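What follows is a set of notes on a single structure, which appears directly below.
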Amino acid sequence: MKKGIKSVGAYLPYNYLTRMALGKAWGGKGGKGEKSIADVDEDSITMAVEAAMGCFRFISREDIHALYFATTTGPYAEKAQSTLVSVACDLSDDTFTSDFTATTRAGTNALKSALDGAVANEGQNYLVTAADTRNGYPKSAQESGFGDGAAAVVVGTGDDLIAEVNHFTSVSEEINDYWRNEGEKYTRHAEGRFCDTAGYLQEMNLVLRKFQQETGTKASEYDKVVLVAQNAKLQNKIASKFGIEPEKMVDTLLLNAGDTGVAQALLGLVHALEYASAGEKILVVDYGNGASAFSLTVTENISKLAGKAQIQRYLETRAELDSYARFLSWREIAGAEPGGAFKLPASTSQTWREQNINLRLHGSKCKKCGATLYPIARVCDACGSLDEYEEVRLSDHISKLYTYSIDKYAGRSDAPLIVQAVAEDPNGCHVYTIMTNVKPGDVQVGMDLEYTFRKMHELGNFPNYFWKLRPLRRESL
């Protein structure tokens, strides 16, 4: 039975910080490249949704039977987070969901479970999405090296695979090289040489030798190789040891996004597939309390991805964050003066009742006159009919900016400017919300906008999410 990848998606935040700016903030020179920074309204949940939305370019939501969400930085310590991602993706209520966490290898752990599930349940498709927003101590190598990002893949069986998974193997190791205790903000680490030699280099060596014995192939024989690592120096050591030529190494975005934790392996896989040709063989090696290695063969169906390099599109539509202090405030490392646009406490019961409106972004379409309204309305504004409507999804629509206003004092003290907007979708439905990832001078009536799932506030002592608008970054759906 053929098993493998049917669709892919990725996400990199709009903001980034240069490592030179990070170094300058502490009186040093800093390193090369940039790290991706989740916006004040983003977290692992919202980024996972973004990556998953990319998958729906090539597969229907109705064909997804399970969703696995991997992260080490989810907003909840006790609550299923995969269910929230599933609802925001507007998947069916009978979709099986599960969370994978506690290790940076959680993304490929989820992938392995999804592959096993697809084989055991022929005909079912599993959406795996991984995202992280890890913090390193200020001024540390981890602060500079960590970056925020997400990736997603759809796994299944059949003849419509874009890449067939040929073999999967792993090794496990109990080691305290990198860890974070319950309730702590920063990732801790042991002495650097110990982390590198007893941790990363040893486990990557073990898993690659095991993979070689089980498959009779060498890493150097693969056309593309994805090696997860904390930094390029470690990557190159493993590549050199196993004879992997530099041109075969897939960019896992360490230089221009950073170490994206659980997302790094899947981001590297997506990056490899976006430029792959039929027949190419890909090897992916992940690390975290052990290591995993799996191989794939690209199929003719890879033509679906031609000209759709989503990662490059996200890299080209970014903006440099102009303030290290703002980054510290957004991460609640050095909190700015409290304040915000939202004052009324959230209601758990109302949040639950209105999840189709707020999380799925459903409107109502009148069965008599065809008018589309948001939020869902029992009475049609156009023809006055009562309870004659069907729910429709609005989050996929590319809309036009109908009107807007710019308020320079409505937001948080560390992000005070708010662009309030009304969008008009292709069916003439008007939706009022807020714009994000846009400079005030670039806002124009009639501009194309897409919806993006974002965190609004934490009143009620839990994260509250809704949909905002932004200039196009994700490809048109």
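The values are calculated or read from the model by the stated rules, or taken from the named source; none is laboratory data. What you see is a predicted model; the values in this text were computed from it and never measured. Using ideal geometry, Cβ is built from the backbone for each residue, glycine included, and neighbour counts are taken over all protein chains shown.
Structure values in brief
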item: G33 being over 13 Å from the mean Cα position of the chain (by Cα), modelled with pLDDT of 95 or more and among the small types (G, A, S); result: yes
item: Any hit, the stretch 287-308, residues being assigned to a loop (DSSP other than H, G, I, E, B) and in contact with a helix residue (DSSP H, G or I) (Cβ under 6 Å, 6 or more places away or on another chain); result: no
item: Some residue of the stretch 198-218 being buried (at least 22 other Cβ atoms within 10 Å of the Cβ), assigned by TED's automatic domain parsing to the domain that holds E34, among the aliphatic types (A, V, I, L, M) and touching a helix residue (DSSP H, G or I) at 6+ places or on another chain (Cβ under 6 Å); result: yes
item: Matching option when the condition is in contact with a helix residue (DSSP H, G or I) (Cβ under 8 Å, 6 or more places away or on another chain) and among the basic types (K, R), among R134, R180; result: R134
item: Those residues of the stretch 266-280 which are within 22 Å of the chain's Cα centre (by Cα) and outside any helix (DSSP H, G or I), in sequence order; result: Y275, A276
item: Residue in the stretch 230-260 that is farthest from T18 (Cα to Cα), counting only those that are small (G, A, S) and touching a strand residue (DSSP E or B) at 6+ places or on another chain (Cβ under 7 Å); result: A239
item: Residue count, the stretch 318-359 (criterion: charged (D, E, K, R), over 24 Å from the mean Cα position of the chain (by Cα) and at pLDDT below 90); result: 2
item: Qualifying residues in the stretch 235-265 (those that are in contact with a Leu (Cβ under 7 Å, 6 or more places away or on another chain) and part of a helix (DSSP H, G or I)) - the one surrounded by the fewest Cβ atoms within 10 Å (Cβ to Cβ); result: K237
item: Residues (part of a strand (DSSP E or B) and crowded, with 16+ Cβ neighbours inside 10 Å) located in the stretch 165-181; result: V165, N166, F168, T169, S170, V171, Y178
item: Residue under evaluation Y432, criteria (1) of a type outside the set (D, E); (2) within 25 Å of V87 (Cα to Cα); (3) surrounded by 15 or more Cβ atoms within 10 Å (Cβ to Cβ), criterion not met; result: (3)
item: Residue within the stretch 81-95 that is surrounded by fewer than 24 Cβ atoms within 10 Å (Cβ to Cβ), in the same structural domain as A265 (by TED's automatic domain parsing) and under 15 Å from V155 (Cα atoms) present; result: yes
item: In the stretch 373-428, the residues that are hydroxyl-bearing (S, T, Y), part of a strand (DSSP E or B) and exposed (fewer than 15 other Cβ atoms within 10 Å of the Cβ); result: T403, S405
item: Conditions (1) in contact with a helix residue (DSSP H, G or I) (Cβ under 8 Å, 6 or more places away or on another chain); (2) part of a helix (DSSP H, G or I); (3) under 19 Å from G158 (Cα atoms); number of the one not met by Q312; result: (3)
item: Among the candidates E203, E184, residue that is within 29 Å of the chain's Cα centre (by Cα) and assigned to a loop (DSSP other than H, G, I, E, B); result: E184
